[in-house]
Amino acid sequence: MYKTIVIGTGPAGLTAAIYLARANLNPLVIEGPEPGGQLTTTTEVENFPGFPEGIMGPELMANMRKQAERFGAEFRTGWINSVDTSKRPFTLSLEGGETLQAETLIISTGASAKYLGIPGERDNVGRGVSTCATCDGFFFRGKKIIVVGGGDSAMEEANFLTRFASEVVLVHRRAELRASKIMQDRARENPKITWMLNRTPLEVHATGMGVTGLKVLNNETGKEEVIETQGLFVAIGHTPNTKFLGGQIETDEIGYIKVKPGTSETNVPGIFACGDVQDNRYRQAITAAGSGCMAALDCEKFLEGSAVHDWSATLS
């Protein structure tokens, strides 16, 4: 039995763990198969406050974990199959048959970027392939880059990247875009964006120095083409990691957890959400960390208000 369990070890989960540990709540942090979240696939992080020369993503996450451990947070690696939120204490069922119980939960399982699933793509993440224009656009100053996608996110990222790139080529497998008219109009009015629609991505070309091109199938002619590029931004959406909750916590139509505005509170008292699992707009390391702080403070206040017995005698 634990006072609180944090599920996920990205910037949100680790920040929550730091605050909870410093409050002597002895949190247990469950990390899945990708400890550290999406930042572990990022090379240099230059927009996290406090690092004027930048810091490598994996190093930043390792430092945050050490900080949480320093104050007494406990870490355990495991895959959570399901959570019973029907009553407190909440019960977590882990792969292998183990169960854990907690009076409160903080869910910080993030959202996974969708990839194209083509050869050369995942091998070059951080070496020219990215899923975050805000994070990595600066590194492509003066370069020709490709954005793949046809929705609002792709239009927004393409427009943003024109601040840095010499040319942005927008590639989409269909002739028609899914983006709203206003977003399409903004992109089409941008002179630095060129269009290659009705083309299906087939393979990312790269050398040891990074990405060099994207092979596509021209759906109109049936012929394969190679678009030269120095960077590839995949903007086809994200999938919030909430499947394990089994629909017990209220989400939007995509699966992002809904929280009470201005808080980290979900529709289930005692369960809080932070980071990208509840944020489909900003998805930045610093906003995730800030929401992790909010979740920890909300959780601490909740435990203080519901302490009807001696925690130290019944909880570890």
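FYI, it's all coordinate maths here, none of it is from the lab. None of these values were measured; they are calculated from a predicted model. A quick note on method: Cβ atoms are made from the backbone with ideal geometry, for glycine too, and the neighbour counts reach across all protein chains shown.
Subtracting the Cα-Cα distance of PHE160 and GLU250 from their residue separation scaled by 0.36 nm leaves 29.2 nm. Estimated from helices alone, the mean residue ellipticity of the chain at 222 nm is -7000 deg cm²/dmol (sum of -39500 (n - 2.57) over DSSP H runs with n ≥ 4, per residue).
Listed by Cβ neighbour count within 10 Å, with the fewest neighbours leading, CYS135, CYS293, CYS274, CYS299 appear as CYS293, CYS135, CYS299, CYS274. The value of relative contact order for the chain, using C-alpha pairs under 8 Å at least six residues apart, is 21 percent. Where the centre of each part is set by its Cα atoms, how far does segment 101-131 sit from segment 218-258, in angstrom? Segment 101-131 and segment 218-258 have Cα centres separated by 11 Å. In summary, the helical segments of the chain meeting the span-like criteria, namely a full DSSP H run, a Cα extent along the axis of 24 angstrom or more and a mean Kyte-Doolittle hydropathy of at least -1.0, are 285-305.
Using only side-chain charges placed at the Cβ, +1 for Lys and Arg and -1 for Asp and Glu, the dipole size of segment 122-234 relative to its Cα centre rounds to 100 debye.
Taking only alpha carbon atoms, the chain gives an Rg to Rh ratio of 1.03, where Rh is the Kirkwood radius. In loop segments of segment 1-98 as defined by DSSP, the trypsin sites (Lys or Arg not before Pro) with at most 11 further C-beta atoms inside 10 Å of their C-beta are LYS87.
Please give the residues of segment 99-116, grouped as numeric ranges, whose backbone N is less than 20 Å from a label point set 7 Å along the Cα-to-Cβ vector of TRP79. Residues 99-100, 108-115 fall inside that zone. Placing a pseudo-label 7 Å from each Cα along the Cα-to-Cβ vector at THR134 and VAL226 gives an inter-label distance of 3.6 nm.
Within the chain, CYS274, CYS293, CYS299 have no other Cys Cβ under 4.7 Å of their Cβ and so lack a disulfide-compatible partner by this rule. A Cβ-based charge dipole, computed about the Cα centre of the chain with Lys and Arg at +1 and Asp and Glu at -1, lands at about 460 debye. When the charge dipole of the chain is built from unit charges on Cβ atoms (+1 for Lys and Arg, -1 for Asp and Glu) and taken about the Cα centre, the candidate among SER291, ILE118, LEU232 whose Cα reaches farthest toward its positive end is LEU232. Calculated on the Cα set of segment 39-108, radius of gyration then Dmax: 16.5, 48 Å. With unit charges on the beta carbon (Lys/Arg positive, Asp/Glu negative), name the residue among ALA16, GLY57, ALA179 whose Cα is farthest towards the positive pole of the charge dipole of the chain. Looking along the dipole axis, the top candidate is ALA179. Per-residue Cβ neighbour counts within 10 Å put MET56, MET209, MET294 in the sequence MET209, MET56, MET294, beginning with the fewest. Only beta bridges with both residues in the chain are counted; by DSSP, about 45 percent of them are antiparallel.
A run of the chain free of exposed loop cleavage sites, with GluC sites (Glu not before Pro) counted only in DSSP states other than H, G, I, E and B and at most 14 other beta carbons within 10 Å, reaches its longest extent at 99-175. Counting beta carbons within 10 Å around each of TRP79, TRP195 and listing the fewest first gives the order TRP79, TRP195.
Judged by the ratio a/c of the largest to the smallest principal axis of the C-alpha gyration tensor, segment 122-234 counts as oblate, that ratio being 1.5 or greater while a/b is no larger than b/c.
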